[in-house]
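Notes follow the structure.
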């Protein structure tokens, strides 16, 4: 998984492309400022994020957990089109219940993505 989505930057350093960065944020939200910050990032990247490339990168990374569910949840809450959400739904089944972050109050649940989330995520 280490080199998937890694590019050589203009300043001479290896760094991750935008799509890999978003995957890393979803997988380890505590290192990215938490769910609210990640949601804002998805909103701001609306015109920059290549969803097909993001899903292809996710597939190559071959995670055991279905992170596509969390990505789909963020995309939905960030206002992405239904056609984009359909691409995520076609990625794999939505069978497992996940949480956006560790130690999260599990009061709110998205039945369409099987994701628990904190208050304040309504559009």
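None of the figures in this text is laboratory data; all of them are computed from the coordinates on show. As the structure is a prediction and not an experimental result, all values here were calculated from the model. Cβ: placed from backbone, ideal geometry, glycine included. Neighbour counts: every protein chain shown.
Kindly list, by first and then second residue, each pair from a residue in segment 92-106 that is touching a residue at least 40 places away in the same chain (Cβ under 8 Å) and on the phi < 0 side of the Ramachandran plot to a residue that is surrounded by fewer than 17 Cβ atoms within 10 Å (Cβ to Cβ) and outside any loop (DSSP other than H, G, I, E, B), limited to pairs with Cβ atoms under 8 Å and residues at least 6 apart or on different chains.
101/30; 102/30
Name the residues in segment 1-51 that are within 19 Å of residue 81 (Cβ to Cβ), in a helix (DSSP H, G or I) and in contact (Cβ under 8 Å) with a residue 24 or more places away in the chain, would you?
Residues satisfying the conditions are 18, 19, 22, 39, 42, 43, 51.
Residues checked against (1) touching a helix residue (DSSP H, G or I) at 6+ places or on another chain (Cβ under 9 Å); (2) closer than 21 Å to residue 117 by Cα; (3) surrounded by 14 or more Cβ atoms within 10 Å (Cβ to Cβ):
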{"position": "31", "(1), (2), (3)": "yes, yes, no"}
{"position": "55", "(1), (2), (3)": "yes, no, yes"}
{"position": "62", "(1), (2), (3)": "no, no, no"}
{"position": "87", "(1), (2), (3)": "yes, no, yes"}
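Name every residue in segment 107-123 that is surrounded by 11 or more Cβ atoms within 10 Å (Cβ to Cβ) and either touching a helix residue (DSSP H, G or I) at 6+ places or on another chain (Cβ under 7 Å) or assigned to a loop (DSSP other than H, G, I, E, B) (or both), in order of residue number. Let's see the steps before the verdict.
As a first pass, look at segment 107-123 and keep what is surrounded by 11 or more Cβ atoms within 10 Å (Cβ to Cβ): 108-110, 112-118, 121.
Passing the criteria: 110, 112, 113, 114, 115, 117, 118, 121.
Select from segment 64-77 the residues that are free of Cβ contacts under 8 Å to residues at least 40 places away in the same chain and surrounded by fewer than 19 Cβ atoms within 10 Å (Cβ to Cβ) and list them in ascending order.
64, 65, listed by residue number.
Do we find that residue 94 is in a helix (DSSP H, G or I) and within 15 Å of the chain's Cα centre (by Cα) in this structure? Full working, then the answer.
Working: in a helix (DSSP H, G or I): no; within 15 Å of the chain's Cα centre (by Cα): yes.
Considered against the rule, which asks whether it is in a helix (DSSP H, G or I) and within 15 Å of the chain's Cα centre (by Cα), residue 94 comes out as no.
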